[in-house]
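The values are calculated or read from the model by the stated rules, or taken from the named source; none is laboratory data. Values in this document were obtained by computation on a predicted structure and should not be read as measured data. We place every Cβ from the backbone using ideal geometry, glycine too, and count neighbours over all the protein chains shown. Note: areas computed on protein heavy atoms with side chains; ligands, DNA, RNA excluded. Shrake-Rupley method; radii C 1.70, N 1.55, O 1.52, S 1.80 Å.
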Amino acid sequence: MKTQELLSLLKEHKNQFLYFEYQPNAFVGSNYHITEVKHVKIDSVDCGSQTDSWNETIIQLWESPMETSAKNPMNAYKALKILTKVAELKPYDLISEVKFEYGNAKFHTAHLFINDFEIQDNKLILKLAHTKTDCKAKELCGVPERIVAIAEATACCSPETGCC
């Protein structure tokens, strides 16, 4: 989801509580805070010597140990107010992909993208997912389609694939 799409979604559903599902049936605690918004420029070179660049908006979520008894999370309006304040200080690249940085004692810290969203009663639920690493230069590295299918199935890559 692009940054502008998230801002529009929050505005459209401003009266609903904002939930984050970071794994199926696992939610960020209702005691979360938005603690940082990062405007990130990625400038990369892949293993096939191809260059690329793009921007990302990364929103950090943190569960406050002082508020573990919170019954409801912030509503979408409060999140929108925070993100609007950030835009006043540092403008967004509105077409950049938005990701959430989150981790807790049971889940490693990761950058998660919005895979989907759902409206249930008075809840706006953002369904987050993680991206697996990938070789962007499969053709240049000579990674045969069969190896790609095996690598995707086993989530590993062996030295025989020809990729660095």
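Filtering segment 121-156 to residues that are at pLDDT 80 or above, among the hydrophobic types (A, V, I, L, M, F, W, C) and within 21 Å of the chain's Cα centre (by Cα) leaves LEU124, ILE125, LEU126, LEU128, ALA129, CYS135.
Restricting segment 96-118 to residues that are outside any loop (DSSP other than H, G, I, E, B) and open to solvent by 70 Å² or more (accessible area, probe 1.4 Å), the residue that is farthest from THR57 (Cα to Cα) is HIS108. Give segment 17-60 a look and list any residue that's over 30 Å from LYS138 (Cβ atoms), of a type in the set (D, E, K, R) and open to solvent by 60 Å² or more (accessible area, probe 1.4 Å), or say none. Of everything in segment 17-60, just one residue is over 30 Å from LYS138 (Cβ atoms), of a type in the set (D, E, K, R) and open to solvent by 60 Å² or more (accessible area, probe 1.4 Å), namely GLU36. A count restricted to segment 17-72 and to residues that are more than 21 Å from LEU128 (Cβ to Cβ), in contact (Cβ under 8 Å) with a residue 60 or more places away in the chain and touching a strand residue (DSSP E or B) at 6+ places or on another chain (Cβ under 8 Å) stands at 2.
Taken together, the residues in segment 31-45 that are assigned to a strand (DSSP E or B) and within 19 Å of LEU83 (Cα to Cα) amount to 10. Hey, can you tell me all the residues within segment 119-133 that are outside any strand (DSSP E or B), closer than 30 Å to CYS47 by Cβ and out of contact with any helix residue (DSSP H, G or I) (no Cβ under 9 Å at 6 or more places or on another chain)? Hits for segment 119-133 are HIS130, THR131, THR133.
Condition check: of a type outside the set (A, V, I, L, M), at negative phi, assigned to a loop (DSSP other than H, G, I, E, B) and over 18 Å from the mean Cα position of the chain (by Cα). Does GLY48 satisfy that? Yes: the conditions hold for GLY48.
Please determine, by comparing only the residues of segment 71-95 that are part of a loop (DSSP other than H, G, I, E, B) and under 23 Å from GLN23 (Cα atoms), which one is most open to solvent (accessible area, probe 1.4 Å). Here the answer is LYS71. Candidates in segment 119-138 are the residues that are in contact with a strand residue (DSSP E or B) (Cβ under 7 Å, 6 or more places away or on another chain) and open to solvent by less than 70 Å² (accessible area, probe 1.4 Å); of these, the one that is farthest from LYS71 (Cα to Cα) is ALA129.
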